[in-house]
Amino acid sequence: MTTLIAILIDGAIYASWLFLVAAGMTIIYGVMRVLNMAHGSFYAIGAYSAASLVSWYFSSDQGNPYWSLLILPACAIVAGAIIGLFIEQGLLRFLHGRDEILMVIVTYALMLILEDATKLIWGVNPYFAYQPYKLLGQTGFGEHLRFANYDLMLIGIAIVIGLVAWAALNRTNKGRLLRAVIHDREIAIAMGVNVNAMFAATFVIGAILGALAGALTAPAISVSPGIGVEVIVLAFAVIVIGGLGSIGGAAAGALLVGLARSFAVHIAPEIELFVIYGVMFLVLAIRPQGLFGQTLARRI
Amino acid sequence: MKSKLRISHHTLRLSVIAATLVLSTTMSTSANAADNGKYRIGVVTFLSGAAAGPFGVPAANSARLIVEALNNGKVPAPYAKKGINGLEIEMVLLDENGGATKQTEEFRNLVQRQKVDAVIGYISSGDCLAIAPAAEELGVPTIFFDCGTSKVFEVVKNPKFLFRTGLDAVVDNIAAARYVAETRPNIKTIAGIEQNYSWGQESWADFSQAFGRIKPEIKVVSEQWPKLGQGQYGAEISALSVANPDLIHSSFWGGDMEALMLQGGARGLFDKKTVVLTGGETGMEHFKGQVANGTILGGRGPFGAFSPKNALNDWFRPAFVAQFKESPTYPAYKMAQAILGLKSAAEKSAKPGVMPSTDQVIQGLAGLSYEAPSGTVKMARSNGHQAVQSISFGEYQFDAKSGKATLSNVKTYAGECVMPPDGTVNADWIKAGFPGAKCN
């Protein structure tokens, strides 16, 4: 019974983290048709910013430690907005509508630049922002199994972000305009929608979500070079399983991968390495467009 | 159906390109080989990637410090003679990141185009196993300064040009097993969490077999194999919590090790349990209060916080701290002793001021006994190509008031106690009960 509880909670926590990581990437792809390889760098920049500010906050004895929990999203919003706006306005807006493969290469180059930039700014030694992770205490299940409440909080945050994204797309005027752009960019332009502004806003939101995932993860890890590259592979697997460009798909993909991985760790740890890609293989074998992906005829 | 196929091909195309780009690495080469009368050493260590911070950069810094000090004649005796045999040392520093295939190409480039006189380097087990045969093929003195895999001298059975001046994983884990058996005699159940590649797999096999041989009654209750660089260990920590072992062994390193200790500590995983981190010494300056006092740490030899007091260490440690504003950890010590080993070997028979030949270097280094900041290094295994040294383990103690971490209850095991004799397979030696081991 304890093992079953552990599988479900571990799966939910990991799925929440995967969703946070993948949400920004899938939103950007859905709207802009840009498979953003630099998304992992947004994650890394969010993590480094949060780790720097949180460690400064605690080292300078600023008072109430719970404020550090607000520093994390604040860092992500500022860092993500700046870097997202800079990249979109400084580079991507000149490439709107270009071939998707070209955009993969462009954003891959961006990733390499940003990886080196983070090393230039923060160096290669690890950064820690561990204080918020322990701040919320633990919750016990049975005699030996305990979870950090910080991890349980991530489940709530992921649900809130998912619901907000869904509501923003389906229940607001801006969301409807965005869906019009997703559905047919040329018709949207013809109808007077400012597509360039939509693209800029989407990219900034995606970058903020990537940085938010990094900032929220920073308290639990050693923030060191290379964390962004690891993340991009997982995020890519999740959004391909869910269907490229689908928020609901990213959530479903994250949940599927999270639970499968958790099951493997508890029942057959030796296959853990394989299980994520095993799930990806099975889903794509049955539904090549992913769980929530739509089949579209190519326009000639 | 057609449109489905189109989409699947599209997804596939994107996937292939994305995967290729993620997995690909930047290649950079430079060819400026010139016979300039300097002794040219290729130094290869991680300058980027996850292994750069904990291992590669300290090692590179150590190489810079030692080479500069040798060139200026500032290293204490017996290394007071400038450079190598009086010749200025020129260092060609390369990044080890990028995988074994790239490293083999870079190694060939170093030897054939850049015409280095010797190569010192390599941390990753995968890189070492790829470079080992290439070193023998190209006939250049090659010293593995770190490289934990026990398979190096199984891949190259009769080495001529290949040397390793550090210890391998089997030594770490037999010593760890002995330490735990001596200091925690009541342990009945053990578990391991290891990175799922050769280093982690060999480490766990060596530790669990050695501990099982010393204490046959112990039971393995959980084995966890997360991916290298995973960073998130929630499910593994739950599995270990449910298994509730008396002892948790881990060969984790770098950010993975620090993340595991952070996440496990916050969830009470290590409460009332003994934890062994065979490479934990590199994290001592970062752990602070995140790691419980009493956690058993190893330093892969008499390095870093375990290093002895001697004239060379009295110079090396303060010089490193002064230049790089941090204490030298074990990779820094291991790099220093690799360079000093090369210098000792080159100067053994070459005439002063004359460029030592390859034969003089390899003959000088085989079977050599020389001094380093970590103490005496004896090249006494694998026909004189593998170093033998003592290894220490101790318990982490952090003082919150002073903010400093120290080691207590340190025990040192002689190389002859924890290293299998020549010609013996590690697993066979452990299974046979360590025949011939000399443990005081």
(request) Please work out if B:Gly283 is buried (at least 22 other Cβ atoms within 10 Å of the Cβ) and either not in a loop (DSSP other than H, G, I, E, B) or not polar (S, T, N, Q) (or both). (result) yes
(request) Pull up segment A:56-90, narrow it to residues that are more than 20 Å from A:Val31 (Cα to Cα), surrounded by fewer than 18 Cβ atoms within 10 Å (Cβ to Cβ) and polar (S, T, N, Q), then point me to the one that is nearest to the other protein chains (Cβ to nearest Cβ). (result) A:Ser59
(request) Name the one entry in B:Pro226, B:Pro245 that is modelled with pLDDT of 95 or more, crowded, with 21+ Cβ neighbours inside 10 Å and under 28 Å from the mean Cα position of the chain (by Cα). (result) B:Pro245
(message) For segment B:288-310: of the residues being part of a loop (DSSP other than H, G, I, E, B) and of a type in the set (D, E, K, R), which is surrounded by the most Cβ atoms within 10 Å (Cβ to Cβ)?
(response) B:Arg300
(message) Report every pair of residues separated by at least 6 positions or lying on different chains whose Cβ atoms are under 7 Å apart, first residue within segment B:246-257 and more than 11 Å from B:Pro54 (Cα to Cα) and more than 8 Å from every other protein chain (Cβ to nearest Cβ), second hydroxyl-bearing (Ser, Thr, Tyr) and assigned to a helix (DSSP H, G or I).
(response) B:Ser251/B:Ser203
(message) Among the listed residues A:Met153, A:Met111, identify the single one that is in contact with a helix residue (DSSP H, G or I) (Cβ under 6 Å, 6 or more places away or on another chain) and either in a helix (DSSP H, G or I) or within 8 Å of chain B (Cβ to nearest Cβ) (or both).
(response) A:Met111
(request) Consider B:Gly264 carefully, then state whether it is out of contact with any Gly (no Cβ under 8 Å at 6 or more places or on another chain), at negative phi and modelled with pLDDT under 95. (result) yes
(request) State whether the residues of segment A:190-202 include one that is farther than 19 Å from A:Ile27 by Cα, assigned to a helix (DSSP H, G or I), without any contact (Cβ under 8 Å) to a residue 60 or more places away in the chain and among the aliphatic types (A, V, I, L, M). (result) yes
(message) Take the conditions away from chain B (no Cβ under 11 Å), charged (D, E, K, R) and either surrounded by 15 or more Cβ atoms within 10 Å (Cβ to Cβ) or not in a helix (DSSP H, G or I) (or both) and apply them to A:Arg93. Does it pass?
(response) no
(request) Could you grab me the full set of residues in segment A:217-261 that are surrounded by 24 or more Cβ atoms within 10 Å (Cβ to Cβ), more than 8 Å from chain B (Cβ to nearest Cβ) and of a type in the set (Gly, Ala, Ser)? (result) A:Ala218, A:Gly228, A:Ala235, A:Gly242, A:Gly243, A:Gly249, A:Ala250, A:Ala251, A:Gly253, A:Ala254, A:Gly258
(request) Please find, among B:Val92, B:Val57, B:Val67, B:Val44, the residue that is in the same structural domain as B:Tyr370 (by TED's automatic domain parsing) and either among the basic types (Lys, Arg) or free of Cβ contacts under 8 Å to residues at least 40 places away in the same chain (or both). (result) B:Val57
(message) Considering only residues that are among the charged types (D, E, K, R) and either farther than 24 Å from A:Gly140 by Cβ or not in a helix (DSSP H, G or I) (or both), which ones fall in segment B:232-280?
(response) B:Asp246, B:Asp256, B:Glu258, B:Arg267, B:Asp271, B:Lys272, B:Lys273
(request) Check whether at least one residue in segment B:202-218 is within 11 Å of another protein chain (Cβ to nearest Cβ) and either outside any loop (DSSP other than H, G, I, E, B) or over 30 Å from B:Thr376 (Cβ atoms) (or both), and report yes or no. (result) no
(request) Show the residue pairs that are 6+ apart or on different chains and have beta-carbon atoms under 6 Å apart, the first residue being within segment A:10-29 and modelled with pLDDT under 95, the second being surrounded by 24 or more Cβ atoms within 10 Å (Cβ to Cβ) and not in a helix (DSSP H, G or I). (result) A:Met25/A:Asn36; A:Ile28/A:Val34; A:Ile28/A:Asn36; A:Tyr29/A:Leu35; A:Tyr29/A:Leu244
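The values are calculated or read from the model by the stated rules, or taken from the named source; none is laboratory data. Computed from a predicted structure; not experimentally measured. When we count neighbours, we look across all protein chains shown, and the Cβ atoms used for this are built from the backbone with ideal geometry, even at glycine.
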